[in-house]
Amino acid sequence: MAFENVLIERDEATAIVTINRPKVLNALNTPTLDELRRTILELKQDGEVRVVIVTGAGEKAFVAGADINELAVQTPTGGREHALAGQHVFDLIENMGKPVIAAINGYALGGGCELAMACTLRLAADTAKLGQPEIALGLIPGYAGTQRLSRLVGKGKAMEMILTGTPITAEEAQRIGLVNRVVPAAELMAQARALAAQLAKSAPIAMRYIINAVNKGVEMPFAEACQYEATLFGLVASTDDMKEGTAAFLAKRKPEFRGR
Ligand code: CO8
C-alpha cells in the first residue's frame, strides 16, 4: 500500500506508521484520516505484524490536530459526520488487537492528542507538548477527547486541560498518566522500536485478549468485567502459545510464540 499522507515502514514484526504532512505539522485532514483507517485495517489483518508504532513526520509535531482549514468551513451535519468518522478510525486503533505505540515526537494537540490516547501505549519525547486546545477555536474535542482524556487522567485534570486549552509538557503528561514514558527526543524512535521488539516477542493472542479485556472491561461493571476476563482466560488456555509458554518455563528455555 502506498499513500500520500501516511507512510508505512516495516521493521521485522513492527510496522511504523508516520503521519506525513510536516508542512502543516501533520494536521489530520479527511484524506489523511481515510489513509490512516485503511492502514490500520491492513495492518490488523497482516499476520506478520505484531506491533505498530504511530508517529509524525519531522521534528516538530506528532499531529497538531484536525486540519483547521476543514474545520473553518464545516457545517453542523458535516461536523457531526466528521467527528464520527474520526472516532471510528481511533476506535479501530484502540481495538485493533495489537499493541499500538504512539511515539510522540512533538506537538500532540487536539486530534493529535486524541490519536495518541487511542494508542495502547504512549512514549513522548521530552520536547513534546500535549493538549486539547479546541476551546481557543470556539470548539470542543470531537475525536473522543472528552472521554478518553477523562478516563486516562481523571475528570478533574481532563476538565482543566480541555477548559483552559493550555498544552502541558511531556513531563507533566507523564506525571498525570497521560503518557507512559518520557525519553530524550533523540532517542524516541530507538526506544519505541525497542519496546515494540520486546512486545513482538509476546504471545499475540494473549496480547489481543489483554487489550480487549482492559478496553471492554473499563466500560463494564466490575463483577461483569471479571466474568469477561475469566472467559478470555479460558479461551487463551486453548492456545498453542499457552502450552508453549508454560512448557518453556518448566523446561527453563525461552518460549517461541506463534500466535496459534
Ligand atoms: N490545521 C491546519 N494547519 C495547521 C495546524 C492545524 N491543526 N496546525 C498547524 N498548522 C499549520 C500552520 O497554519 C502553519 O502553516 P503556514 O506555514 O502555511 O502558516 C504551519 O502549520 C506551521 O505552524 P505554525 O507556523 O503555527 O508553527 P508554530 O511553531 O508557530 O506553532 C503550534 C505551532 C503551536 C502547534 C500552532 O501551529 C498551533 O497552535 N496549531 C493549531 C493547534 C490546534 O489548535 N489544534 C487543534 C485543532 S482542532 C482539533 O484537533 C479538533 C479535533 C476533533 C475534530 C472533530 C471533527 C470536527
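The values are calculated or read from the model by the stated rules, or taken from the named source; none is laboratory data. Note that the structure is predicted; figures quoted are calculated from it, not measured. Don't worry about glycine lacking a Cβ; one is built from the backbone with ideal geometry, like all the others, and counts go over all protein chains shown. The accessibility values were calculated without ligands, DNA or RNA, using every heavy atom of the protein model including side chains. Shrake-Rupley method; radii C 1.70, N 1.55, O 1.52, S 1.80 Å.
Within the chain, what whole-number % of the accessible surface is contributed by carbon and sulfur, with the 1.4 Å probe and all protein chains included in the calculation? Working shown, then result.
Values: 7590 of 13390 Å².
Percent of accessible area from carbon and sulfur atoms in the chain: 57.
Once the dipole of the chain is set up with Lys and Arg at +1 and Asp and Glu at -1 on Cβ about the Cα centre, which of 53, 250, 110 lies farthest towards its positive end?
Of the candidates, 250 comes out farthest on the positive side.
Out of all DSSP beta bridges in the chain, what portion is antiparallel? Express it as a percent rounded to 5.
25 percent
Run the paramagnetic zone check for residue 59: 7 angstrom along Cα to Cβ, then residues of the range 187-210 with backbone nitrogen under 20 Å.
From the range 187-210, the list is 187-193.
What percent does the relative contact order of the chain come to when contacts are Cα pairs within less than 8 Å and at least six residues apart?
16 percent
Which order do the peptides 242-248, 174-180 come out in when sorted by mean C-beta neighbours inside 10 angstrom, highest first?
Per-residue mean Cβ counts within 10 Å order the peptides as 174-180, 242-248.
Over all distinct Cα pairs, what is the inverse of the mean 1/r for the range 182-260, reported as the Kirkwood hydrodynamic radius in Å?
14.5 Å
Test of understanding: in a Gaussian network model of the chain with alpha carbons linked when under 10 Å, which of 111, 138, 47 would top the mean-square fluctuation ranking?
138
Most fluctuating residue of 158, 116, 237 in a GNM of the chain with Cα springs under 10 Å: which is it?
237
Over 19 Å between Cα atoms: which of 201/243; 23/60; 23/44; 98/201 fall into that group? Intermediate values should be presented prior to the final figure.
Numbers: 201/243 16 Å; 23/60 10 Å; 23/44 29 Å; 98/201 12 Å.
In this structure, 23/44 lie more than 19 Å apart at Cα.
Quick one: among 219, 94, 42, which has the greatest mean-square fluctuation in a GNM of the chain with alpha-carbon springs under 10 angstrom?
Looking only at 219, 94, 42, the biggest GNM fluctuation is shown by 219.
Over the chain, how many percent of alpha carbon pairs lie in each 10 Å bin up to the one with the longest distance?
Spelled out per bin, shortest first, that is 7, 29, 35, 20, 7, 1, 0.
Just to verify a number: FRET efficiency for residue 225 and residue 41, C-beta to C-beta distance, R0 = 25 Å, to 0.05?
Once the sixth-power term is evaluated, E becomes 0.35.
How much area per residue is accessible in the chain when the probe is 1.4 Å and only protein heavy atoms are counted (Å²)?
For the chain, the per-residue accessible area is 51 Å².
Once you have the Cα-Cα distance between residue 10 and residue 126, take 0.36 nm times their residue separation minus that, and quote the gain in nm to one decimal.
My answer for the length gained is 39.2 nm.
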